[in-house]
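I have placed the structure first, in the form of C-alpha cells, so that the comments after it can refer back to it.
The values are calculated or read from the model by the stated rules, or taken from the named source; none is laboratory data. Since we're looking at a predicted model, the values are computed, not measured. Glycine gets a Cβ as well: all are built from the backbone with ideal geometry, and neighbour counts include every protein chain shown. With ligands, DNA and RNA removed, areas are computed over all heavy atoms of the protein, side chains included. Shrake-Rupley method; radii C 1.70, N 1.55, O 1.52, S 1.80 Å.
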Amino acid sequence: MTAKRIRFLKEFLSFSGIEPDRLRLEWVSSAEATRFVEVITDFIDQVKELGPSPLKAALAAQDLN
Amino acid sequence: MTNSIDEIKYADCIFVIGSNTTLAHPLVATRIFQARDNGARLIVADPRKIQLASFADLYVRQRLGTDVALINGMMHVILKNGWHDEAFIGERTENFEELKKVVEKYTPEKSSEVTGISPEDITRMAEYYAKAPRSTILYAMGITQHTTGVDNVKSLANLSMLTGNVGKESTGVNPLRGQNNVQGACDMGGLPNVYPGYQAVNAVDIRTKFEKAWKVRLSDKPGLTLTDLFPAILEGKVKALVVMGENPLVSDPDSHHVEKALRALEFLAVIDIFMTPTAEIAHVVLPAASFAEKDGTFTNTERRVQRIRKAIDPPGEARQDWVIIQEISNRVGYQMNYSSPEEIQNEIASLTPSYGGITYDRLGGEGLCWPCPDKEHPGTKFLHKDRFARGRGLFHGIEYIPPAESPDDDYPFWLTTGRVFVHYHTGTMTRNSPSLDQEMREGYLEVNPADASAIGLKDGDKAKIASRRGEIISRIFITERVDKGTVFMSFHFLEARANVLTNPALDPIAKIPEYKVCAVRVEKWE
Amino acid sequence: MKETIIEKVKDLFEDSRIEAFLGLKEENGQIGPYLFTDPKDLEGFSLGDKEWPGDKRYPLSKILIALAQKYPENRFGILVRGCDERALNELFKWNQLNEEHVVMVGFPCPQELAEACECPKPYPESLVVGEKVKGIKSKKVEVILNMGMEGRLKYWTERFSRCIKCYGCRNVCPVCFCNECELANDDLIPSGEIPPENPIFHLVRAAHMAGRCIDCGLCEEACPVGIPLRTLYKKVADIVDSEFGYRPGYQKDQKSPFNILGERPED
Ligand code: SF4
Ligand code: SF4
C-alpha cells in the first residue's frame, strides 16, 4: 500500500512540475544503522545533484513573496 | 461604473490603479483574468505590490498621493506621440486647450521625479493604454481617499477622453464600489446635497416636486457631510444623531476626535445588525434585519438594481430598515404609511428619472441597470454613448498637489491603509464569523525588510506606531509588498485602530478624508 | 424530458416511497435548489437549463447530506445527472448518506453539455428518461503533460498564484465532507495570506481528492480566478486508477481502497 502511495505521489509531483526524484521510499529496519546512513547520504547526494528546488525560482518568476 | 462588469473581459488593455482587485472585488478580478487569458494587456499601478501586480504586463509603484502627476505624465507622452483620439476630442469634448497647457509641463522626467516611476515605464504605460483598441480603467479607494481625490478621478476621466476610451463597450472609467449597496445608497440621496437620482436639493423645481409628493416643506440647503458633522457636533450645532449601518468610531479618520464628538451628543441612536463599538456608546440601539431577512433591492457597482428576497425572519426584535425608518418618522411627527418595499420602489420610480422604469415586476433574474427612464427601456449597459450628461465632456487641466501630510524627522514613514482579504470594514460582520476570524485574529503593520532591520524589528514583533493624532500598538509583518519608507495597515481592528493615526484632512469638494496617506513614526514596543 | 421526470416524481410521492424531493426550481427568473414536499409545487421544476443546457448545476447530493442529518427518518428523492449519481455512490460508501433513504431520479445530459464538460459518463445508471449519451474522453491532462516538467511548473505556479482562498472549490464539492478541513490547518497552510501557500494549498486539496473526486467539474466552475482544478484532479484520478484499479463513483459495490492521507500506513 505504502509503495503504491509513493508511486502516486511521485507521478502527481511530476504532473505538478516537481521532479519526482525529490521523493524516495526505502525500507530500513531499526537494526540496520549503517544502511540507514547510506540511504540518507545517497538521497542527500541525489537531491544535491538535482540542485535547488525549481519551485523557488518559479515562485520568484511569478514575482510573489 | 461607466461600463458593466462583464465588458471588462473583452477589453484589450486594463489599467488598474488604486484597487486591490483580487482581494476587494474578486468577481471583477475574474474578468481581468479572463481578459488576460484572451491576450489583454494589464497595467497595475499601486504603492503596494498587490496580488494582481504579479500578473501585470507592467507593474509600477507610485509614491503615495502622486496619481495626478503620473496620469499627467502619461497624457504628456500620448500627446507628444499623437496617440490621442482627435476625432473624439473634436466631436465630444471641450476645453482641450487647457488640458494641453497643463500636461505640456509633465514630461516623463518630471512625472518620474514626483512619482518615483521611471520615465520609460511612464512611456510604456501611455503606449499600452493609448494604443489598444479598447482600454478600460478600474479604480477604487486608492484613487478617491485623498485630499486630491476629485482631482485624481478627473485626471482619469481626462485620460479616457483623450484617447476616446469612454462611451464605448469595454472601455470607460470604472470606480469599483465597496459595499453591495453603496451605489444604491448614493442613488437614493444618501448624500447631503441631493435627492434620489442626484437631483440637487437647492434646485427650486426639484424641491417643489418633492414637496408636492411628500406634502411637506423641505429645506433648500445642503446638509452636512459626514466629515463636517463631527466638528459641528462639538460646536453644539448638531445635538442628535441616528447612525444606520455604520461604525464611525472605528471607520472614520482621527478616531479620538470622533469619539469625543459622539460622546458629546445629547442623543445617539444606532441601527445595526450587531453590537458595534459605536452602538456600545449609543443611547438607543435598534436591531436591524440582515440581507437574508429583508425584502427590497440592492444597486451594485455597475448600477444594476437587483431584488433581494426575505428567506428567513429577522431574529428577536430586529426589523427591516424601511420599517424602522417609518416608525421613527411617525414618532417624530411625519406620517409614513408604506405597506411594502414595493410601494416605496414605485414612489422612487415616480420621483427619480433614472429609476423611472424600474419596478418590481421587471426585476426578476438579472435585474436592470439604470438609467432606465421608462417602462419600455431595457436599462443601460454603459454610459455616455452618444453624449455626456452635460453635453460635451469637459477636460480639466489639473496640477499635481502633494498630500496634506508628508514624512519629516518626527514622523519619518508614509502610512497607507486598506483591507485584508478576510475582513470587511470595521469587522462588525466578518469578525463575528468563526471561519473568517480564525483566518485572521489580529491586524498587523506591513514593514519593508530594510526598514524593519533599521528599527531593529523582527517578524511578529510588536511596534508602537504614532502619528500627530494618536498612537497604537500592533504586530508587524515584514514584507517586500511595501516599499522602503512606507508602511501599511488595515483598518478592521478596534484593538489596533489604524484610524487613530489617519489624517482627517479632506478633499475640498468631495470631503473625503485622506485615509491613504499620512506620516507616522514606528518604534519597537516591549 | 421534464414532464416525464415530473410524472415519475409524482408517482414516488403517491406510492409513498419518498417524503420529499430535492431538485431545482425556477423562481423569479433564477434557478436554484429546491426541496419539493408537495407534488403540487412541481410546477416550477427545472432541469437547470437557463442560457444553455445545464448551466445551472448545484451539488444537490451535498445539500442532501445536510437534509438527511436534520431528518434522519425521512426518505428523499433526488434529481441526478451522471456526476450526481457518482457523488452519491461515494457518499453511500463513506456513510455520509443512507442508501435506503435515497431514491435517485436520473436523466442524461444533452450531448452538447457532455462535450463542453468533457464528461466520461454523462448519464446515470438510474435513468428514468432519455438515452445514454456518448461519453467524451478529455484531452486536458495530455495538454499539460506535453508542456514538459518546466512548463508544467510554470503553468501551475501561475494558475495557483491567482487563488484568493475563497474556498469555493471546497464548499461546492459534493464529496468534500470532512468536519475539520486540512486546508484550514494553520500548521500546514499559514492562514491570513492570499494567495495561500503555493503550491501546497492546491496539492493538499488534490491529494485529498484521491479516491474521492468524481469529476463533476463544479469546483472549476466555481473558481472565480480560472484555476483548472478539474484537470488537476483528473490526473489524480488517473493515477489512482492505474495504481489501485479504482475510479470513484463508478462501481457501486467496490469499496474505496484508501484515503490517501487520512489513515496510518499498514505495511
Ligand atoms: S470535480 Fe471538483 S467539485 Fe467535483 S468531485 Fe471532483 S473535486 Fe469535487
Ligand atoms: S475556488 Fe479557486 S480561488 Fe477559491 S479557493 Fe478554490 S482554487 Fe482558490
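Quick one: would you say residue C:92 is farther than 28 Å from residue C:212 by Cβ and touching a helix residue (DSSP H, G or I) at 6+ places or on another chain (Cβ under 6 Å)?
no
Can you pull out every residue in the range B:246-285 that is open to solvent by 50 Å² or more (accessible area, probe 1.4 Å) and in a strand (DSSP E or B)?
Residues satisfying the conditions are B:267, B:284, B:285.
Among the residues of the range B:81-95, count how many are without any contact (Cβ under 8 Å) to a residue 40 or more places away in the chain and under 18 Å from residue B:398 (Cα atoms).
Residues meeting the conditions: 0.
Search the range C:212-226 for residues being out of contact with any Gly (no Cβ under 8 Å at 6 or more places or on another chain) and over 22 Å from residue C:94 (Cβ atoms), and hand back the single one that is nearest to ligand 2 (Cβ to nearest atom).
C:225
Kindly indicate which of B:9, B:49 is assigned by TED's automatic domain parsing to the domain that holds residue B:140, open to solvent by 10 Å² or more (accessible area, probe 1.4 Å) and outside any helix (DSSP H, G or I).
B:49 is the lone residue from the list that is assigned by TED's automatic domain parsing to the domain that holds residue B:140, open to solvent by 10 Å² or more (accessible area, probe 1.4 Å) and outside any helix (DSSP H, G or I).
Report whether or not residue C:154 is surrounded by 16 or more Cβ atoms within 10 Å (Cβ to Cβ), of a type outside the set (Val, Ile, Thr), within 14 Å of chain A (Cβ to nearest Cβ) and in contact with a Lys or Arg (Cβ under 8 Å, 6 or more places away or on another chain).
Spelling it out, it is not the case that residue C:154 is surrounded by 16 or more Cβ atoms within 10 Å (Cβ to Cβ), of a type outside the set (Val, Ile, Thr), within 14 Å of chain A (Cβ to nearest Cβ) and in contact with a Lys or Arg (Cβ under 8 Å, 6 or more places away or on another chain).
Tally time: how many residues in the range B:289-299 are among the polar types (S, T, N, Q) and surrounded by fewer than 21 Cβ atoms within 10 Å (Cβ to Cβ)?
Selection size over the range B:289-299: 1.
So which of A:6, A:18, A:40 is of a type in the set (Val, Ile, Thr) and under 25 Å from residue B:480 (Cβ atoms)?
Being of a type in the set (Val, Ile, Thr) and under 25 Å from residue B:480 (Cβ atoms) holds for just one of A:6, A:18, A:40, which is A:18.
Looking for something in a helix (DSSP H, G or I), aliphatic (A, V, I, L, M) and more than 13 Å from ligand 1 (Cβ to nearest atom) - is there at least one such residue anywhere in the range C:217-238?
No - not one qualifying residue is present in the range C:217-238.
Could you list, in sequence order, the residues of the range C:157-180 that are within 13 Å of ligand 1 (Cβ to nearest atom) and either touching a helix residue (DSSP H, G or I) at 6+ places or on another chain (Cβ under 7 Å) or facing another protein chain (nearest Cβ under 7 Å) (or both)?
C:168, C:169, C:170, C:172, C:173, C:174, C:175, C:176, C:177
Can you say whether residue C:103 is of a type in the set (Val, Ile, Thr), open to solvent by 20 Å² or more (accessible area, probe 1.4 Å) and at pLDDT below 95, as far as the supplied structure shows?
No: the conditions fail for residue C:103.
For the range C:239-267, which residues satisfy the criterion of being assigned to a helix (DSSP H, G or I), at pLDDT 90 or above and either more than 29 Å from residue C:116 (Cβ to Cβ) or charged (D, E, K, R) (or both)?
Result: C:241, single match.
How about the range C:1-97: which helices (runs of 4 or more DSSP H) wholly inside it have at least 3 residues that are surrounded by 13 or more Cβ atoms within 10 Å (Cβ to Cβ), within 16 Å of ligand 1 (Cβ to nearest atom) and of a type in the set (D, E, K, R)?
Here the list reads C:82-93.
Which one of the conditions (1) within 14 Å of chain A (Cβ to nearest Cβ); (2) among the aliphatic types (A, V, I, L, M); (3) more than 15 Å from residue B:420 (Cα to Cα) does residue B:482 fail to meet, given that it meets all the rest?
All conditions pass for residue B:482, except number (3).
Give all pairs with beta carbons closer than 8 Å in which a residue from the range B:226-238 that is outside the structural domain of residue B:508 (by TED's automatic domain parsing) meets a residue that is small (Gly, Ala, Ser) and open to solvent by 20 Å² or more (accessible area, probe 1.4 Å); count only pairs at least 6 apart in sequence or on separate chains.
Short answer, once both residue conditions are applied: B:233/B:264; B:234/B:264.
Considering each residue of the range C:108-150, count those that are within 14 Å of chain A (Cβ to nearest Cβ), open to solvent by 40 Å² or more (accessible area, probe 1.4 Å) and in a helix (DSSP H, G or I), and give that number.
6
Any residue in the range B:366-384 that's on the phi > 0 side of the Ramachandran plot: show its pairings with residues that are of a type in the set (A, V, I, L, M) at Cβ separation under 9 Å, as long as the two are six or more apart or on different chains.
From the range B:366-384, the pairs are B:367/B:305; B:367/B:358; B:379/B:305; B:379/B:358; B:379/B:368; B:384/B:166.
Counting just the residues of the range A:11-47 that are in a loop (DSSP other than H, G, I, E, B) and of a type in the set (Val, Ile, Thr), which one comes out surrounded by the fewest Cβ atoms within 10 Å (Cβ to Cβ)?
Of everything passing the filter in the range A:11-47, A:28 is surrounded by the fewest Cβ atoms within 10 Å (Cβ to Cβ).
Collect the residues in the range B:171-189 that are closer than 19 Å to residue B:1 by Cβ, in a loop (DSSP other than H, G, I, E, B) and touching a Pro at 6+ places or on another chain (Cβ under 9 Å), keeping them in residue-number order.
The answer is B:188, and nothing else.
Confirm whether residue B:193 is of a type in the set (S, T, N, Q) and in contact with a strand residue (DSSP E or B) (Cβ under 9 Å, 6 or more places away or on another chain).
So residue B:193 fits the description; yes.
Can you pull out the residues in the range B:478-526 that are without any contact (Cβ under 8 Å) to a residue 60 or more places away in the chain and of a type in the set (A, V, I, L, M, F, W, C)?
B:478, B:496
Would you please name the residue that is nearest to the other protein chains (Cβ to nearest Cβ), looking only at residues in the range C:227-239 that are over 18 Å from residue B:22 (Cα atoms) and within 12 Å of ligand 2 (Cβ to nearest atom)?
Per the criteria, the residue is C:232.
Run residue A:26 past the list (1) within 11 Å of another protein chain (Cβ to nearest Cβ); (2) more than 29 Å from residue C:194 (Cβ to Cβ) and report the number of the one that doesn't hold.
Exception for residue A:26: condition (1).
If residue B:303 meets every condition in (1) at pLDDT below 95; (2) closer than 29 Å to residue B:365 by Cβ; (3) open to solvent by 70 Å² or more (accessible area, probe 1.4 Å) apart from one, which number is that one?
Going through (1) at pLDDT below 95; (2) closer than 29 Å to residue B:365 by Cβ; (3) open to solvent by 70 Å² or more (accessible area, probe 1.4 Å) one by one, residue B:303 breaks only (3).
With the requirement that a residue be assigned to a helix (DSSP H, G or I) and in contact with a strand residue (DSSP E or B) (Cβ under 9 Å, 6 or more places away or on another chain), what does the range B:417-466 give you?
B:449, B:451, B:452, B:453, B:455
For the range B:429-458, enumerate the residues that are polar (S, T, N, Q) and either more than 14 Å from chain C (Cβ to nearest Cβ) or buried (at least 20 other Cβ atoms within 10 Å of the Cβ) (or both).
Within the range B:429-458, B:432, B:448, B:453 qualify.
Give the number of residues within the range B:93-124 that are buried (at least 24 other Cβ atoms within 10 Å of the Cβ) and over 28 Å from residue B:506 (Cα atoms).
The qualifying residues number 1.
If you go through the range B:52-70 one residue at a time, do you hit one that is surrounded by 24 or more Cβ atoms within 10 Å (Cβ to Cβ), more than 30 Å from residue C:194 (Cβ to Cβ) and not aliphatic (A, V, I, L, M)?
No, that holds for no residue.
Quick one: in the range C:151-164, of everything that is in contact with a Leu (Cβ under 8 Å, 6 or more places away or on another chain) and not in a helix (DSSP H, G or I), which residue is farthest from residue B:23 (Cα to Cα)?
Ranking the qualifying residues of the range C:151-164, first place goes to C:161.
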